[in-house]
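Data first, discussion second: the structure below is written as structure tokens.
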Amino acid sequence: MSLKELFGSQVKLIRNYRKMTQEELSELVDIDIRQLARIEAGVSFATSETIERICKALNVTYKEMFDFEKDDENMTCEDISSFSANYTKLCKQMQKIAGSDTKTEYILLAVEALEKRSSLEKLKSIIFGMTLK
């Protein structure tokens with residue numbers, strides 16, 4: 001994959017994680033939606049000014065934006081969408097086990113791992129390793 005493609009995939013991945021549409025992000029970044037689509041597709045590369053605005057709009061550091069390394073597997077937009085769909089269930093489960101500091105700590109660790117775009121397998125093992133009362 002070229003740098004343009006890696007960067008575009010990263011923008012799309014983070015945008016989807018933030019539950020933003022291309023239209024919303026393009027407005028925040030002040031670029032045409034078609035330009036954002038070309039960036040995400042890896043057809044065009046953003047200018048340094050646009051990269052700054054994208055990072056600010058997505059609330060990520062430059063380092064995070066250009067961190068294309070993944071731990072065990074590549075997370076896809078589908079992976080993130082799947083997690084987002086189960087997020088409400090996770091919150092309800094967290095309320096059930098809130099009496100246990102250890103279990104609550106594991107859930108917070110799991111959410112933090114996702115924020116850092118770590119492996120979903122690690123996240124699954126933490127969550128599924130817990131027992132609910």
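Just so it is clear, none of the values below were taken in a lab; they were calculated from the coordinates. Because the structure is a prediction, the values reported are computed rather than measured. Note: ideal-geometry Cβ built from the backbone for every residue, glycine included; neighbour counts use all protein chains shown.
For V60, V43, what's the fewest-to-most ordering of other Cβ within 10 Å of each Cβ?
With the fewest neighbours first, V60, V43 line up as V43, V60.
Based on other C-beta atoms within 10 Å, arrange D30, D67 from fewest to most. Don't skip to the answer; put the middle values down first.
Details: D30 10, D67 13.
Fewest to most other Cβ atoms nearby, the residues stand as D30, D67.
Rounded, prolate or oblate, given the Cα gyration tensor of segment 3-65, with a/c below 1.5 counting as rounded?
Rounded.
Counting pairs of alpha carbon atoms under 8 Å apart in space and at least six apart in sequence, what relative contact order in percent does segment 3-65 give?
Values: 58 pairs, mean separation 26.5, N = 63.
Rounded, it is 42 percent for segment 3-65.
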